[in-house]
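The next block holds one structure in the form of C-alpha coordinates; read it before the comments.
The values are calculated or read from the model by the stated rules, or taken from the named source; none is laboratory data. Since this is a predicted model, take the numbers as computed values, not measurements. Methodologically, a virtual Cβ is constructed for each residue, glycine included, from the backbone with ideal geometry; neighbour enumeration extends over all protein chains shown.
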Ligand SMILES: Cc1cc2nc3c(=O)[nH]c(=O)nc-3n(C[C@H](O)[C@H](O)[C@H](O)COP(=O)(O)OP(=O)(O)OC[C@H]3O[C@@H](n4cnc5c(N)ncnc54)[C@H](O)[C@@H]3O)c2cc1C
(Lines give C-alpha, C1' and ligand atoms only; values in the text may rest on other atoms or scores of the structure.)
Protein backbone atom coordinates (compact mmCIF):
# COMPACT_ATOMS: atom_id res chain seq x y z
CA UNK A 1 0.00 0.00 0.00
CA UNK A 2 1.20 3.55 -0.78
CA UNK A 3 -0.08 6.51 1.22
CA UNK A 4 0.48 10.19 0.54
CA UNK A 5 -0.01 12.65 3.39
CA UNK A 6 -0.61 16.34 2.73
CA UNK A 7 1.05 18.49 5.41
CA UNK A 8 4.21 18.02 7.50
CA UNK A 9 2.64 19.41 10.67
CA UNK A 10 2.63 17.26 13.80
CA UNK A 11 -0.32 15.07 12.71
CA UNK A 12 1.13 14.39 9.24
CA UNK A 13 4.57 13.57 10.64
CA UNK A 14 3.19 11.21 13.32
CA UNK A 15 0.98 9.42 10.79
CA UNK A 16 3.93 9.13 8.41
CA UNK A 17 6.12 7.54 11.09
CA UNK A 18 3.38 5.14 12.28
CA UNK A 19 2.56 3.96 8.74
CA UNK A 20 6.15 3.65 7.53
CA UNK A 21 7.07 1.62 10.63
CA UNK A 22 4.28 -0.80 9.67
CA UNK A 23 5.69 -1.26 6.19
CA UNK A 24 3.38 1.14 4.33
CA UNK A 25 5.28 3.34 1.88
CA UNK A 26 4.58 6.92 2.94
CA UNK A 27 5.29 10.27 1.32
CA UNK A 28 4.52 13.70 2.81
CA UNK A 29 3.88 16.77 0.62
CA UNK A 30 4.47 20.07 2.46
CA UNK A 31 3.72 23.51 1.01
CA UNK A 32 6.19 25.44 3.19
CA UNK A 33 9.97 25.37 2.83
CA UNK A 34 10.48 24.33 6.47
CA UNK A 35 8.67 23.14 9.59
CA UNK A 36 6.31 25.62 11.34
CA UNK A 37 7.74 27.35 14.45
CA UNK A 38 4.74 29.49 15.55
CA UNK A 39 3.81 29.30 19.27
CA UNK A 40 1.09 26.65 19.39
CA UNK A 41 0.68 23.35 21.26
CA UNK A 42 2.96 22.52 24.19
CA UNK A 43 1.03 20.11 26.43
CA UNK A 44 0.33 16.49 25.51
CA UNK A 45 -2.10 14.56 27.68
CA UNK A 46 -2.63 10.77 27.89
CA UNK A 47 -3.97 9.94 24.40
CA UNK A 48 -1.21 12.04 22.82
CA UNK A 49 1.48 10.39 24.94
CA UNK A 50 0.19 6.94 23.97
CA UNK A 51 0.61 7.61 20.23
CA UNK A 52 3.92 9.46 20.65
CA UNK A 53 5.23 6.34 22.37
CA UNK A 54 4.00 4.14 19.50
CA UNK A 55 5.78 6.50 17.09
CA UNK A 56 9.00 5.96 19.09
CA UNK A 57 9.53 9.62 20.05
CA UNK A 58 8.12 9.86 23.57
CA UNK A 59 11.42 9.15 25.31
CA UNK A 60 13.14 12.02 23.51
CA UNK A 61 10.23 14.40 24.11
CA UNK A 62 10.18 13.50 27.81
CA UNK A 63 13.96 13.96 28.10
CA UNK A 64 13.88 17.44 26.51
CA UNK A 65 10.55 18.51 27.97
CA UNK A 66 9.21 18.30 31.49
CA UNK A 67 6.18 17.03 33.40
CA UNK A 68 4.14 19.92 34.83
CA UNK A 69 3.36 19.53 38.52
CA UNK A 70 -0.25 20.63 38.25
CA UNK A 71 -2.82 23.20 37.23
CA UNK A 72 -4.55 25.89 39.33
CA UNK A 73 -7.57 28.12 38.66
CA UNK A 74 -7.20 31.59 40.19
CA UNK A 75 -8.75 34.97 40.70
CA UNK A 76 -7.02 37.84 38.91
CA UNK A 77 -5.26 38.83 42.17
CA UNK A 78 -3.57 35.41 42.09
CA UNK A 79 -5.64 33.79 44.87
CA UNK A 80 -5.90 30.05 44.14
CA UNK A 81 -9.35 28.43 44.21
CA UNK A 82 -9.13 24.97 42.68
CA UNK A 83 -6.53 22.73 41.16
CA UNK A 84 -5.32 19.36 39.98
CA UNK A 85 -2.07 17.99 41.37
CA UNK A 86 -0.02 15.89 38.95
CA UNK A 87 3.10 15.39 41.09
CA UNK A 88 1.80 12.16 42.60
CA UNK A 89 1.57 10.52 39.15
CA UNK A 90 4.84 8.88 38.00
CA UNK A 91 6.38 10.58 34.98
CA UNK A 92 6.38 7.24 33.17
CA UNK A 93 2.58 7.00 33.48
CA UNK A 94 0.48 7.79 30.41
CA UNK A 95 -1.66 9.96 32.71
CA UNK A 96 1.19 12.37 33.54
CA UNK A 97 1.07 15.18 31.00
CA UNK A 98 4.32 16.03 29.20
CA UNK A 99 5.23 19.52 27.95
CA UNK A 100 7.53 20.59 25.11
CA UNK A 101 6.82 23.40 22.59
CA UNK A 102 5.45 22.04 19.31
CA UNK A 103 8.26 23.58 17.23
CA UNK A 104 10.80 21.29 18.93
CA UNK A 105 8.39 18.32 18.90
CA UNK A 106 8.08 18.69 15.11
CA UNK A 107 11.88 18.67 14.71
CA UNK A 108 12.04 15.43 16.73
CA UNK A 109 9.18 13.96 14.63
CA UNK A 110 10.89 15.04 11.40
CA UNK A 111 14.14 13.29 12.37
CA UNK A 112 12.25 10.11 13.31
CA UNK A 113 10.23 10.22 10.06
CA UNK A 114 13.38 10.54 7.93
CA UNK A 115 15.09 7.77 9.93
CA UNK A 116 12.04 5.54 9.37
CA UNK A 117 12.18 6.08 5.60
CA UNK A 118 9.30 8.52 5.11
CA UNK A 119 9.82 10.71 2.01
CA UNK A 120 9.19 14.36 2.92
CA UNK A 121 8.97 16.91 0.10
CA UNK A 122 9.01 20.62 1.09
CA UNK A 123 7.88 23.39 -1.32
CA UNK A 124 5.18 20.99 -2.63
CA UNK A 125 1.85 22.83 -2.38
CA UNK A 126 -1.20 20.68 -3.09
CA UNK A 127 -3.69 22.48 -5.35
CA UNK A 128 -7.49 22.27 -5.51
CA UNK A 129 -7.42 19.87 -8.45
CA UNK A 130 -7.76 16.40 -6.88
CA UNK A 131 -9.41 13.19 -8.06
CA UNK A 132 -9.78 9.44 -7.69
CA UNK A 133 -10.68 6.27 -9.59
CA UNK A 134 -11.58 2.81 -8.24
CA UNK A 135 -7.91 2.00 -7.76
CA UNK A 136 -6.05 5.23 -7.08
CA UNK A 137 -6.24 8.82 -5.82
CA UNK A 138 -4.25 11.81 -7.07
CA UNK A 139 -3.47 15.44 -6.28
CA UNK A 140 -1.94 18.16 -8.44
CA UNK A 141 1.00 19.82 -6.74
CA UNK A 142 2.66 23.17 -7.39
CA UNK A 143 6.47 22.89 -7.22
CA UNK A 144 8.10 26.26 -7.89
CA UNK A 145 6.62 27.21 -11.32
CA UNK A 146 5.74 23.63 -12.22
CA UNK A 147 2.60 21.50 -11.60
CA UNK A 148 3.04 17.74 -11.09
CA UNK A 149 0.53 14.99 -10.36
CA UNK A 150 1.14 12.65 -7.37
CA UNK A 151 -0.77 9.35 -7.04
CA UNK A 152 -1.25 6.96 -4.12
CA UNK A 153 -3.65 4.26 -2.91
CA UNK A 154 -4.88 6.67 -0.23
CA UNK A 155 -4.30 10.40 0.30
CA UNK A 156 -4.65 11.88 3.80
CA UNK A 157 -5.26 15.59 4.36
CA UNK A 158 -3.24 16.56 7.46
CA UNK A 159 -3.02 20.07 6.05
CA UNK A 160 -4.39 22.03 9.00
CA UNK A 161 -7.39 24.27 9.63
CA UNK A 162 -7.39 25.76 6.14
CA UNK A 163 -7.08 22.29 4.55
CA UNK A 164 -6.96 22.32 0.77
CA UNK A 165 -8.03 18.66 0.70
CA UNK A 166 -11.14 19.42 2.80
CA UNK A 167 -12.01 22.44 0.63
CA UNK A 168 -11.56 20.41 -2.56
CA UNK A 169 -13.80 17.61 -1.20
CA UNK A 170 -16.63 19.67 0.29
CA UNK A 171 -16.37 23.24 -1.07
CA UNK A 172 -14.43 26.36 -0.09
CA UNK A 173 -16.66 27.46 2.81
CA UNK A 174 -17.97 24.08 3.95
CA UNK A 175 -16.60 23.56 7.46
CA UNK A 176 -19.65 23.34 9.75
CA UNK A 177 -19.41 25.02 13.16
CA UNK A 178 -18.68 28.44 14.55
CA UNK A 179 -15.95 31.03 15.11
CA UNK A 180 -15.41 32.58 18.55
CA UNK A 181 -15.83 36.34 18.81
CA UNK A 182 -12.87 36.42 21.17
CA UNK A 183 -9.41 37.04 19.79
CA UNK A 184 -6.51 35.29 21.51
CA UNK A 185 -2.85 36.16 21.55
CA UNK A 186 -0.37 33.39 22.41
CA UNK A 187 2.89 34.79 23.73
CA UNK A 188 6.06 33.02 24.85
CA UNK A 189 7.78 35.01 27.58
CA UNK A 190 10.42 34.88 30.29
CA UNK A 191 8.79 36.27 33.45
CA UNK A 192 9.15 34.80 36.97
CA UNK A 193 5.56 33.69 37.67
CA UNK A 194 6.96 31.33 40.37
CA UNK A 195 7.79 34.43 42.43
CA UNK A 196 4.04 35.06 42.71
CA UNK A 197 3.27 31.50 43.84
CA UNK A 198 1.99 30.35 40.46
CA UNK A 199 1.70 26.63 39.70
CA UNK A 200 3.22 25.17 36.48
CA UNK A 201 -0.13 25.79 34.71
CA UNK A 202 -2.66 28.47 35.71
CA UNK A 203 -6.04 29.64 34.46
CA UNK A 204 -7.11 33.13 35.53
CA UNK A 205 -10.88 33.58 35.70
CA UNK A 206 -12.01 37.14 34.89
CA UNK A 207 -14.62 38.67 32.51
CA UNK A 208 -12.01 40.68 30.52
CA UNK A 209 -8.55 39.87 31.88
CA UNK A 210 -8.80 36.07 31.62
CA UNK A 211 -5.67 34.25 30.57
CA UNK A 212 -3.63 31.08 30.81
CA UNK A 213 -0.06 31.16 32.13
CA UNK A 214 1.88 27.92 31.82
CA UNK A 215 5.56 27.12 32.14
CA UNK A 216 6.58 25.49 28.86
CA UNK A 217 10.34 24.89 29.04
CA UNK A 218 12.76 23.70 31.66
CA UNK A 219 14.72 26.97 31.35
CA UNK A 220 11.73 29.01 32.54
CA UNK A 221 9.90 30.15 29.41
CA UNK A 222 6.15 30.62 29.94
CA UNK A 223 3.20 30.64 27.55
CA UNK A 224 0.71 33.42 28.30
CA UNK A 225 -2.43 33.14 26.18
CA UNK A 226 -4.85 36.01 26.68
CA UNK A 227 -7.75 37.79 25.04
CA UNK A 228 -7.53 41.11 23.18
CA UNK A 229 -9.70 43.25 20.90
CA UNK A 230 -10.39 41.51 17.57
CA UNK A 231 -9.34 42.59 14.10
CA UNK A 232 -5.80 43.99 14.57
CA UNK A 233 -2.55 43.08 12.80
CA UNK A 234 0.21 41.05 14.46
CA UNK A 235 2.26 44.25 14.80
CA UNK A 236 -0.65 46.02 16.54
CA UNK A 237 -1.01 43.11 19.01
CA UNK A 238 2.74 43.27 19.65
CA UNK A 239 2.41 46.98 20.46
CA UNK A 240 -0.50 46.37 22.83
CA UNK A 241 1.16 43.47 24.65
CA UNK A 242 3.02 45.53 27.34
CA UNK A 243 -0.23 47.34 28.18
CA UNK A 244 -2.19 44.04 28.39
CA UNK A 245 0.55 42.41 30.51
CA UNK A 246 0.49 45.36 32.93
CA UNK A 247 -3.30 45.06 33.22
CA UNK A 248 -3.34 41.29 33.74
CA UNK A 249 -0.18 39.75 35.12
CA UNK A 250 0.87 39.46 38.76
CA UNK A 251 3.30 42.26 39.67
CA UNK A 252 1.92 44.48 36.83
CA UNK A 253 5.31 44.26 35.05
CA UNK A 254 7.03 46.98 33.05
CA UNK A 255 8.55 45.88 29.69
CA UNK A 256 12.03 45.85 31.28
CA UNK A 257 10.85 43.08 33.63
CA UNK A 258 9.96 40.47 30.98
CA UNK A 259 11.50 39.14 27.76
CA UNK A 260 9.22 38.17 24.88
CA UNK A 261 10.40 35.21 22.77
CA UNK A 262 7.50 34.92 20.34
CA UNK A 263 3.90 36.06 19.83
CA UNK A 264 1.06 34.77 17.61
CA UNK A 265 -2.52 36.07 17.39
CA UNK A 266 -5.15 33.39 16.63
CA UNK A 267 -8.83 33.28 15.71
CA UNK A 268 -10.51 30.29 17.38
CA UNK A 269 -13.13 27.97 15.91
CA UNK A 270 -15.25 24.97 16.88
CA UNK A 271 -15.73 23.16 13.56
CA UNK A 272 -16.09 19.59 12.28
CA UNK A 273 -15.97 18.38 8.67
CA UNK A 274 -19.05 16.60 7.33
CA UNK A 275 -17.02 13.39 6.82
CA UNK A 276 -13.44 12.28 7.39
CA UNK A 277 -13.49 9.86 4.45
CA UNK A 278 -14.48 10.37 0.83
CA UNK A 279 -13.42 7.24 -1.07
CA UNK A 280 -9.63 7.21 -1.19
CA UNK A 281 -9.29 10.63 0.52
CA UNK A 282 -9.14 10.91 4.30
CA UNK A 283 -8.94 13.83 6.70
CA UNK A 284 -7.29 13.96 10.13
CA UNK A 285 -6.57 16.42 12.95
CA UNK A 286 -7.04 20.18 12.31
CA UNK A 287 -7.95 19.52 8.67
CA UNK A 288 -11.02 17.66 10.00
CA UNK A 289 -11.85 19.52 13.22
CA UNK A 290 -10.89 22.61 15.19
CA UNK A 291 -11.34 23.65 18.79
CA UNK A 292 -10.10 26.46 21.03
CA UNK A 293 -6.74 25.66 22.71
CA UNK A 294 -7.85 25.88 26.37
CA UNK A 295 -7.31 22.45 27.89
CA UNK A 296 -4.95 21.24 25.17
CA UNK A 297 -7.46 19.10 23.28
CA UNK A 298 -6.63 20.28 19.75
CA UNK A 299 -3.56 18.36 18.74
CA UNK A 300 -4.16 15.57 21.26
CA UNK A 301 -7.48 14.89 19.50
CA UNK A 302 -5.64 15.00 16.16
CA UNK A 303 -2.94 12.62 17.36
CA UNK A 304 -5.66 10.19 18.46
CA UNK A 305 -7.13 10.47 14.93
CA UNK A 306 -3.90 9.48 13.23
CA UNK A 307 -3.40 6.57 15.64
CA UNK A 308 -6.79 5.14 14.63
CA UNK A 309 -6.16 5.85 10.95
CA UNK A 310 -2.81 4.09 11.05
CA UNK A 311 -4.41 1.00 12.67
CA UNK A 312 -7.18 0.98 10.04
CA UNK A 313 -4.81 1.27 7.04
CA UNK A 314 -2.38 -1.23 8.58
CA UNK A 315 -5.19 -3.79 9.08
CA UNK A 316 -6.30 -3.30 5.44
CA UNK A 317 -2.72 -3.68 4.25
CA UNK A 318 -2.40 -6.95 6.18
CA UNK A 319 -5.67 -8.29 4.74
CA UNK A 320 -7.39 -8.30 8.14
CA UNK A 321 -10.24 -6.11 6.99
CA UNK A 322 -11.80 -4.43 3.99
CA UNK A 323 -12.04 -0.69 3.37
CA UNK A 324 -15.31 -0.35 5.32
CA UNK A 325 -13.02 0.25 8.32
CA UNK A 326 -12.31 3.71 6.88
CA UNK A 327 -16.00 4.59 7.22
CA UNK A 328 -15.77 3.45 10.85
CA UNK A 329 -12.69 5.67 11.23
CA UNK A 330 -14.71 8.65 10.02
CA UNK A 331 -17.71 7.81 12.22
CA UNK A 332 -15.70 7.13 15.40
CA UNK A 333 -13.43 10.17 15.10
CA UNK A 334 -16.31 12.54 14.37
CA UNK A 335 -18.14 11.13 17.38
CA UNK A 336 -15.06 11.69 19.60
CA UNK A 337 -15.04 15.33 18.52
CA UNK A 338 -18.77 15.75 19.11
CA UNK A 339 -18.88 14.05 22.50
CA UNK A 340 -15.47 14.92 24.00
CA UNK A 341 -13.35 17.55 22.23
CA UNK A 342 -16.02 20.09 21.36
CA UNK A 343 -17.99 20.13 24.64
CA UNK A 344 -14.90 19.93 26.87
CA UNK A 345 -12.88 22.60 25.09
CA UNK A 346 -15.95 24.88 24.93
CA UNK A 347 -16.55 24.50 28.68
CA UNK A 348 -12.82 25.00 29.45
CA UNK A 349 -12.82 28.30 27.58
CA UNK A 350 -16.18 29.67 28.80
CA UNK A 351 -15.22 28.87 32.40
CA UNK A 352 -12.58 31.62 32.17
CA UNK A 353 -14.83 34.56 31.34
CA UNK A 354 -18.54 33.70 31.12
CA UNK A 355 -19.48 34.43 34.75
CA UNK A 356 -18.21 36.79 37.42
CA UNK A 357 -15.37 34.90 39.15
CA UNK A 358 -17.22 34.49 42.50
CA UNK A 359 -20.19 32.98 40.68
CA UNK A 360 -18.01 30.82 38.42
CA UNK A 361 -16.15 29.31 41.36
CA UNK A 362 -19.34 28.78 43.36
CA UNK A 363 -21.62 27.45 40.64
CA UNK A 364 -19.56 25.58 38.06
CA UNK A 365 -20.10 21.83 38.53
CA UNK A 366 -16.55 21.26 37.28
CA UNK A 367 -15.00 22.87 40.37
CA UNK A 368 -17.26 20.79 42.64
CA UNK A 369 -16.13 17.57 40.93
CA UNK A 370 -12.48 18.66 41.26
CA UNK A 371 -12.90 19.33 44.96
CA UNK A 372 -14.43 15.88 45.44
CA UNK A 373 -11.80 14.12 43.33
CA UNK A 374 -8.95 15.80 45.23
CA UNK A 375 -10.23 14.03 48.38
CA UNK A 376 -11.13 10.74 46.70
CA UNK A 377 -8.32 8.97 44.86
CA UNK A 378 -10.68 6.44 43.27
CA UNK A 379 -12.71 9.23 41.65
CA UNK A 380 -9.52 11.00 40.50
CA UNK A 381 -8.28 7.76 38.90
CA UNK A 382 -11.65 7.33 37.21
CA UNK A 383 -11.39 10.84 35.74
CA UNK A 384 -7.87 10.07 34.51
CA UNK A 385 -9.03 6.83 32.85
CA UNK A 386 -11.94 8.73 31.27
CA UNK A 387 -9.49 11.12 29.62
CA UNK A 388 -8.15 8.15 27.57
CA UNK A 389 -11.55 7.84 25.85
CA UNK A 390 -10.17 9.92 22.96
CA UNK A 391 -8.31 6.76 21.83
CA UNK A 392 -10.22 3.94 20.16
CA UNK A 393 -9.45 0.30 19.44
CA UNK A 394 -10.07 -0.17 15.72
CA UNK A 395 -9.66 -3.98 15.92
CA UNK A 396 -13.37 -4.32 16.77
CA UNK A 397 -14.20 -3.24 13.19
CA UNK A 398 -12.04 -5.84 11.42
CA UNK A 399 -14.06 -7.56 8.72
CA UNK A 400 -11.94 -9.94 6.64
CA UNK A 401 -12.33 -9.11 2.94
CA UNK A 402 -14.50 -11.58 0.97
CA UNK A 403 -12.21 -13.80 -1.17
CA UNK A 404 -12.97 -13.62 -4.92
C1 LIG B 1 -2.10 29.07 20.92
C2 LIG B 1 -2.36 27.62 20.69
C3 LIG B 1 -2.03 26.72 21.69
C4 LIG B 1 -2.29 25.36 21.51
N5 LIG B 1 -1.97 24.49 22.53
C6 LIG B 1 -2.25 23.16 22.39
C7 LIG B 1 -1.85 22.21 23.39
O8 LIG B 1 -1.22 22.57 24.41
N9 LIG B 1 -2.16 20.89 23.18
C10 LIG B 1 -2.81 20.47 22.04
O11 LIG B 1 -3.09 19.27 21.93
N12 LIG B 1 -3.16 21.34 21.05
C13 LIG B 1 -2.89 22.66 21.19
N14 LIG B 1 -3.18 23.54 20.16
C15 LIG B 1 -3.69 23.04 18.88
C16 LIG B 1 -2.57 22.49 17.99
O17 LIG B 1 -1.49 23.40 17.87
C18 LIG B 1 -3.11 22.13 16.60
O19 LIG B 1 -4.23 21.29 16.79
C20 LIG B 1 -2.04 21.39 15.78
O21 LIG B 1 -0.93 22.18 15.52
C22 LIG B 1 -2.63 20.90 14.45
O23 LIG B 1 -1.70 20.07 13.81
P24 LIG B 1 -1.95 19.60 12.32
O25 LIG B 1 -0.77 18.74 11.97
O26 LIG B 1 -3.30 19.02 12.18
O27 LIG B 1 -1.98 20.92 11.45
P28 LIG B 1 -0.84 22.07 11.25
O29 LIG B 1 0.08 22.10 12.44
O30 LIG B 1 -1.61 23.28 10.92
O31 LIG B 1 -0.01 21.54 10.03
C32 LIG B 1 -0.53 21.56 8.72
C33 LIG B 1 0.62 21.52 7.73
O34 LIG B 1 0.06 21.41 6.41
C35 LIG B 1 0.74 22.28 5.55
N36 LIG B 1 -0.16 22.62 4.43
C37 LIG B 1 -1.25 23.41 4.46
N38 LIG B 1 -1.82 23.49 3.22
C39 LIG B 1 -1.06 22.72 2.41
C40 LIG B 1 -1.14 22.41 1.03
N41 LIG B 1 -2.10 22.91 0.24
N42 LIG B 1 -0.20 21.58 0.50
C43 LIG B 1 0.80 21.05 1.28
N44 LIG B 1 0.92 21.34 2.60
C45 LIG B 1 0.00 22.16 3.16
C46 LIG B 1 1.10 23.48 6.42
O47 LIG B 1 2.17 24.24 5.87
C48 LIG B 1 1.46 22.79 7.74
O49 LIG B 1 2.83 22.45 7.79
C50 LIG B 1 -2.91 24.90 20.30
C51 LIG B 1 -3.21 25.82 19.28
C52 LIG B 1 -2.94 27.17 19.47
C53 LIG B 1 -3.29 28.13 18.38
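When every residue of region 174-191 is checked against the conditions, at least one turns out to be in a loop (DSSP other than H, G, I, E, B), modelled with pLDDT under 95 and either under 16 Å from residue 248 (Cβ atoms) or away from the ligand (no atom under 13 Å from the Cβ) (or both).
The residues on offer are 304, 261, 273, 312, and the sole one that is touching a strand residue (DSSP E or B) at 6+ places or on another chain (Cβ under 7 Å) and surrounded by 19 or more Cβ atoms within 10 Å (Cβ to Cβ) is 273.
Take residue 354 and tell me if it is over 20 Å from residue 175 (Cβ atoms) and away from the ligand (no atom under 16 Å from the Cβ).
Yes; evaluated as a whole, the condition is true for this residue.
For residue 300, indicate whether it is in contact (Cβ under 8 Å) with a residue 24 or more places away in the chain, touching a helix residue (DSSP H, G or I) at 6+ places or on another chain (Cβ under 9 Å) and away from the ligand (no atom under 16 Å from the Cβ). No: the conditions fail for residue 300.
Exactly one residue among 264, 231, 251 is in contact with a helix residue (DSSP H, G or I) (Cβ under 9 Å, 6 or more places away or on another chain), assigned to a loop (DSSP other than H, G, I, E, B) and in contact (Cβ under 8 Å) with a residue 40 or more places away in the chain, and that residue is 251. Please determine, by comparing only the residues of region 144-165 that are within 10 Å of the ligand (Cβ to nearest atom) and not in a loop (DSSP other than H, G, I, E, B), which one is farthest from residue 3 (Cα to Cα). Once the filter is applied, the top-ranked residue is 164. Of the residues that make up region 120-134, is at least one assigned to a strand (DSSP E or B), away from the ligand (no atom under 14 Å from the Cβ) and at pLDDT 95 or above? The answer is yes, given that some residue of region 120-134 is assigned to a strand (DSSP E or B), away from the ligand (no atom under 14 Å from the Cβ) and at pLDDT 95 or above.
When every residue of region 366-381 is checked against the conditions, at least one turns out to be in contact (Cβ under 8 Å) with a residue 40 or more places away in the chain, in contact with a strand residue (DSSP E or B) (Cβ under 8 Å, 6 or more places away or on another chain) and either closer than 28 Å to residue 268 by Cα or within 16 Å of the ligand (Cβ to nearest atom) (or both).
Of the strands (runs of 3 or more DSSP E) lying entirely inside region 1-115, those carrying at least 1 residues that are out of contact with any helix residue (DSSP H, G or I) (no Cβ under 8 Å at 6 or more places or on another chain) and within 16 Å of the ligand (Cβ to nearest atom) are 2-6, 25-29, 70-74.
Scan region 137-172 for residues that are farther than 20 Å from residue 14 by Cα and either crowded, with 18+ Cβ neighbours inside 10 Å or in contact (Cβ under 8 Å) with a residue 12 or more places away in the chain (or both) and report the count.
The qualifying residues number 15.
Scanning region 303-345 for residues that are free of Cβ contacts under 8 Å to residues at least 12 places away in the same chain, closer than 26 Å to residue 21 by Cα and in a helix (DSSP H, G or I) returns a single hit, 331.
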